[in-house]
1. What do you get for GluC sites (Glu not before Pro) in segment 61-123 restricted to DSSP loop and a cutoff of at most 13 other Cβ within 10 Å of the site's Cβ?
2. Apply 1/(1 + (r/R0)^6) to the Cβ-Cβ distance of ASP127 and GLU74, taking R0 = 45 Å, and write down the FRET efficiency to the nearest 0.05.
3. Over segment 40-111, what portion of Cα pair distances is larger than 19 Å, expressed as a whole percent?
4. Taking only the alpha-carbon positions of segment 63-165 and ignoring solvent, what does the Debye formula give for the base-10 log of I(q)/I(0) at q = 0.17 Å⁻¹?
5. Kindly flag which residue pairs out of LYS126/LYS150; LYS80/LYS126; LYS83/LYS126; LYS56/LYS76; LYS83/LYS153; LYS80/LYS153 have an alpha-carbon separation exceeding 23 Å in this structure.
6. Treating only the Cβ atoms of Lys and Arg (+1) and Asp and Glu (-1) as charged, compute the dipole magnitude of segment 91-155 about its Cα centre; round to the nearest 20 debye.
7. At 0.36 nm per residue, and after removing the present C-alpha to C-alpha distance, how many nm does the segment from ASP113 to HIS159 gain when stretched out fully?
Amino acid sequence: MNATQPTLLRATTLAAAIALAASLAACNKKDERTAGQQVDSAIAKSEQAAKDAQAKAADAAQEAKVAANRAGAEIKQEAKEMKADASAAIARAGDAASDATTTAAVKAKLVADTELSALQINVDTKDGAVTLTGPAPNATAKARAETIAKSVKGVGTVHNNLTVH
């Protein structure tokens with residue numbers, strides 16, 4: 001409250017009391033109190049009404065603050081959940097990119113080997129597990145393809161499904 005508010009409140013209360021006293025006098029209502037007593041009574045009632053209004057405003061402000069805090073907490077929780085979802089999506093994308101990189105590296109090493117027909121060997125990678133499918137000219141070439149695949153960084157296991165022709 002600034003310094004002029006109590007003075008303004010007092011002046012407003014006094015004006016309301018005077019108006020009330022004047023209206024009571026105009027009604028010819030029998031009141032045993034003096035005009036000063038009537039003014040004092042009107043002032044007291046006006047001050048009480050102002051205090052009640054101030055208390056109601058303070059209660060409303062507190063309720064608004066509680067509601068804002070609750071909304072803020074809900075927004076923070078939603079943001080945390082969105083962050084977790086985004087992190088999981090990034091991790092999945094990273095895993096897919098890592099698997100694609102592993103597949104490309106295995107394929108490149110198979111192409112570099114002159115005894116293997118790398119163009120006919122299919123390489124699939126899922127979570128670091130490489131699966132080789134397709135034809136191999138002989139058992140030695142089949143084993144060699146598995147050895148090459150195992151030598152690539154990021155390969156955990158190799159499922160050698162090559163068929164010897």
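1. Qualifying residues, ordered by number: GLU115.
2. Between ASP127 and GLU74 the formula returns 0.80.
3. 69
4. -0.74
5. Check vs 23 Å cut-off fails for LYS80/LYS126; LYS83/LYS126; LYS56/LYS76; LYS83/LYS153; LYS80/LYS153.
6. 80
7. 14.6 nm
Just so you know, all these numbers are worked out from the coordinates, no wet-lab data involved. If you're wondering where the values come from, they're calculated on a predicted model, not measured in any experiment. When we count neighbours, we look across all protein chains shown, and the Cβ atoms used for this are built from the backbone with ideal geometry, even at glycine.
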